[in-house]
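A quick write-up on the structure given underneath.
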Amino acid sequence: MKILIIFLLLFISSCNNTPSITDQDLDGNLLFDPSLYEPEKYLVSAYKPNPSDQEKQMPVLIAAHGYSATTFEWDELRNYADSVKSGILISQVLLGGHGRTYADFKNSTWRDWQASILLEYKKLVQAGYTNISFIGSSTGCPLILNLLYENYLFQIPPHQIILIDPIIVPSNKILSLAGIVGPMIGYTSVDFDSELERKHWYHYRPQETLQELLDIITVVRQELESGITLPTQTDISIYKSTYDEVADRISGILIYNGIKSNSFNSKDIYMINSHVHVMTRLQGRNNVTDNDISIQKNIFNQIIEKTNKTKK
Amino acid sequence: MFIYSYLLSFFIFLAFSFTLCATEPELSLGLKFQKTHKLYYENGISAEYSSSAFLGDKFHSGFSIITSRFGSAFNSNAIKQDIFLLHTSYSFLDKAIVNPFIKLNAGFIIADYQDPVFDNIDNTMPLSSIDFGLSYSPTMPLKAQASFGYNIITSDGTSGVGTVYPLYFNFLIMWNILK
C-alpha cells in the first residue's frame with residue numbers, strides 16, 4: 001500500500017512537471033526559427049509569389065524537417081544546391097508548433113505540424129508552379145506520406161518524393177509506451193552535440209508531443225499496410241541509414257513494401273551503411289567523418305539530379 | 001535449424017515424462033491470439049503440459065508458434081514474421097477456477113522482408129519475455145488465459161528485428177486433450 005501511495009504521489013507531482021527552460025534554449029521566449037521573421041528567405045511562395053511563365057516550370061522542392069527540429073535541418077541542402085547552381089527552388093517549411101516556444105510545441109498536434117507543408121504546397125499551386133517535389137527527413141516523411149495517402153496532393157501530383165531516414169518504427173521502442181509512461185514523466189530532454197544544435201532543436205520534448213509522434217507513425221504504418229498508391233507522375237526514393245539510433249531501419253522496409261508503384265514510377269531504396277540519423281545534416285554534429293561528408297554529398301547530388309529530371 | 005531439433009527433443013521429453021506419471025497429467029492444446037501494443041496482431045497455436053510428476057501441478061511448460069501471417073500481415077503489407085517460444089508458467093492457486101499466473105518465455109523471431117535488397121538486415125533475433133495473467137477454467141477440459149507481457153529484449157534500430165516492441169497482450173483458449 002505504501003508503495004502505491006508513493007507511486008501515486010510521484011505520478012501527481014510529475015504531472016505538473018515543467019522543465020527549467022533558459023533563454024539559450026530554442027524552447028524559451030527569445031529564440032525563434034528565422035523563417036518566422038524572414039519567410040521570403042525560406043519559402044518560395046513568399047520569395048516568388050508571382051512567378052513568370054518560365055519560373056512556373058522550375059522545379060520546386062518542399063523540404064520538411066523532423067520532429068523537434070527546425071528549418072535549419074535543410075540549410076545545408078539549400079546552400080549546396082545554390083553553390084552548384086542547381087536551378088532548384090527550395091521551400092524550407094517550418095512545421096507547425098516548431099521553432100517557437102515550449103508551450104507552442106506542447107499544444108501542437110501532428111496535424112498542425114503537417115499543415116505548414118500542405119499550406120506551402122497549396123500556395124505554390126495557387127501561384128502556378130507546376131513542377132513540385134517533396135523531401136522529408138525523419139518525421140517529415142510520414143507527414144508527407146500521409147498527405148499522399150489522403151490524396152491532398154492531387155492538384156499537381158508530386159514529381160519526386162525523397163525520404164531521408166524516415167521514421168515509421170522508432171529505434172527506441174519505449175516510445176510505444178508514450179501513452180502510458182508519458183503522463184508520469186511529463187517531458188523528456190535531449191543532449192546536444194553543440195550550441196548550434198541547441199539553437200535549432202527543442203531541448204525538451206513534452207510527452208503530449210511524443211504521443212503525437214507515436215500517433216502519426218502508427219497511422220502511417222497502417223496506411224502503408226493497406227498500401228499507398230503513387231500517382232503515375234511521381235517517383236519515390238528512400239535513403240535509410242542502417243545503424244540509426246532514432247529511426248529503426250525497418251522503417252525503410254515498411255515504406256518500400258507499402259508503396260504501390262506501377263510501370264510509370266520508379267521506387268528506389270538505398271540502405272546506407274551509416275550511424276547518422278538524417279545523413280543530409282552534418283552541421284552541429286560531433287565526430288563527423290570523411291565518410292559522412294561523402295555520403296551527404298552523394299545524396300545531395302542525387303536529390304538535385306532527381307528533382308531536375310524531366311517531369312512526366 | 002537448431003531450434004527445430006530443440007522443439008523435437010522437447011516433444012520427446014514431454015511424451016516420455018507423461019508416460020511416467022502416476023497422477024493425472026494435463027496436456028492442453030489451443031489457439032493463441034496476441035496484440036502487440038501499437039503494433040501487430042499475431043496469432044497461432046500453443047501447447048502446455050503439466051503433471052505432478054513433472055515439476056508439479058502448479059507449473060505448466062509448453063510452446064507457442066504465432067505469426068503475423070495469420071494476423072496483421074494477412075492480405076496486407078505488414079512484415080511477415082513468425083515467433084517461436086518455449087514457456088513455463090507458475091499458477092499461484094491450487095485448482096482454482098480463476099487462477100493468477102506468471103509465465104516466462106524464451107525463443108526467437110524470424111521476419112521475411114520480401115526483397116533481396118534487405119538481405120543484409122538482421123531478420124532474426126532472440127526473444128525473452130515475461131507474462132502476468134489470469135487463467136479461467138469453468139469446466140475442466142476448457143481453459144482460457146488472458147495476460148499482458150513485456151519483451152525484455154527489444155530491437156534498438158541498429159541490430160535485430162525492428163518490429164519487436166515491449167508490451168503485448170495475449171489471449172489463449174485451450175483444451176485438455178487428456179481429460
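A few comments on the model shown:
- Every pair of residues 6+ apart whose Cβ atoms lie under 7 Å, when the first sits in segment A:159-188 and is within 14 Å of another protein chain (Cβ to nearest Cβ) while the second is of a type in the set (D, E, K, R) and part of a helix (DSSP H, G or I): A:Ile168/A:Arg221
- Of the residues contained in segment A:191-206, none is found to be in contact with a Pro (Cβ under 8 Å, 6 or more places away or on another chain) and farther than 13 Å from A:Ala69 by Cα.
- Of the residues making up segment B:19-77, just one is more than 17 Å from B:Leu178 (Cβ to Cβ), hydroxyl-bearing (Ser, Thr, Tyr) and in a helix (DSSP H, G or I), namely B:Ser68.
- Boolean, A:Asn79 is surrounded by fewer than 18 Cβ atoms within 10 Å (Cβ to Cβ) and part of a loop (DSSP other than H, G, I, E, B): no
- Some residue of segment A:234-247 being among the basic types (Lys, Arg), surrounded by 22 or more Cβ atoms within 10 Å (Cβ to Cβ) and over 15 Å from the mean Cα position of the chain (by Cα): no
- Considering (1) touching a helix residue (DSSP H, G or I) at 6+ places or on another chain (Cβ under 9 Å); (2) assigned to a loop (DSSP other than H, G, I, E, B); (3) within 11 Å of chain B (Cβ to nearest Cβ); (4) surrounded by fewer than 23 Cβ atoms within 10 Å (Cβ to Cβ), the lone condition that A:Gly284 does not fulfil carries the number (3).
- Per the conditions (1) part of a helix (DSSP H, G or I); (2) at pLDDT 95 or above, the sole criterion not satisfied by A:Ile5 is (2).
For (1) assigned to a helix (DSSP H, G or I); (2) within 11 Å of chain B (Cβ to nearest Cβ); (3) closer than 28 Å to A:Asn79 by Cβ, each residue gets a yes or a no:
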site: A:Tyr243; (1), (2), (3): no, yes, yes
site: A:Ile255; (1), (2), (3): yes, yes, yes
site: A:Phe264; (1), (2), (3): no, no, no
site: A:Tyr270; (1), (2), (3): no, yes, yes
site: A:Thr280; (1), (2), (3): no, no, yes
site: A:Val288; (1), (2), (3): no, no, yes
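- Hits in segment A:294-310 - residues which are surrounded by fewer than 19 Cβ atoms within 10 Å (Cβ to Cβ) and farther than 18 Å from A:Asp82 by Cβ: A:Ser294, A:Asn298, A:Lys309, A:Thr310
- Candidate set: segment B:78-90, residues that are outside any loop (DSSP other than H, G, I, E, B) and within 14 Å of chain A (Cβ to nearest Cβ); chosen: the one surrounded by the most Cβ atoms within 10 Å (Cβ to Cβ): B:Gln81
- Applying a threshold of 8 Å to beta carbon distances and a minimum spacing of six or more residues, or different chains, the list of pairs starting in segment A:68-80 at a residue that is small (Gly, Ala, Ser) and ending at one that is assigned to a helix (DSSP H, G or I) and modelled with pLDDT of 95 or more reads A:Ser68/A:Phe105; A:Ser68/A:Thr209; A:Ala69/A:His200.
- For segment B:39-49, the condition of being modelled with pLDDT under 95 and either touching a strand residue (DSSP E or B) at 6+ places or on another chain (Cβ under 8 Å) or surrounded by fewer than 21 Cβ atoms within 10 Å (Cβ to Cβ) (or both) holds for at least one residue.
- When A:Ile250, A:Ile216 are screened for being among the β-branched types (Val, Ile, Thr), within 19 Å of A:Leu95 (Cβ to Cβ) and at pLDDT 95 or above, only A:Ile216 passes.
- For A:Thr209, the stated conditions hold: it is surrounded by 23 or more Cβ atoms within 10 Å (Cβ to Cβ), among the hydroxyl-bearing types (Ser, Thr, Tyr), at negative phi and away from every other protein chain (no Cβ under 14 Å).
- Hey, B:Val117 within 12 Å of chain A (Cβ to nearest Cβ), among the β-branched types (Val, Ile, Thr) and surrounded by fewer than 18 Cβ atoms within 10 Å (Cβ to Cβ) or not: yes
- Residues in segment A:139-155 that are hydrophobic (A, V, I, L, M, F, W, C) and surrounded by 19 or more Cβ atoms within 10 Å (Cβ to Cβ): A:Cys141, A:Leu143, A:Ile144, A:Leu145, A:Leu147, A:Leu148, A:Leu153.
- Cβ-Cβ under 7 Å pairs, at least 6 apart or on other chains, segment B:152-165 side under 12 Å from A:Ile253 (Cβ atoms), far side β-branched (Val, Ile, Thr) and part of a loop (DSSP other than H, G, I, E, B): B:Gly162/A:Val169; B:Thr163/A:Val169; B:Thr163/B:Ile79
- None of B:Leu134, B:Leu93 is away from chain A (no Cβ under 14 Å) and within 21 Å of B:His37 (Cα to Cα) except B:Leu134.
- For segment B:139-147, the condition of being in contact (Cβ under 8 Å) with a residue 40 or more places away in the chain and of a type in the set (Lys, Arg) holds for at least one residue.
- Hits in segment A:224-236 (condition: within 13 Å of chain B (Cβ to nearest Cβ) and assigned to a strand (DSSP E or B)): A:Ile228, A:Thr229
- Considering residues of segment B:58-77 that are within 14 Å of another protein chain (Cβ to nearest Cβ) and free of Cβ contacts under 8 Å to residues at least 24 places away in the same chain only, the residue nearest to the chain's Cα centre (by Cα): B:Arg69
The values are calculated or read from the model by the stated rules, or taken from the named source; none is laboratory data. Because the structure is predicted, anything quoted here is derived from the model rather than measured. Every residue, glycine among them, receives a Cβ derived from its backbone with ideal geometry; neighbour counts consider all protein chains shown.
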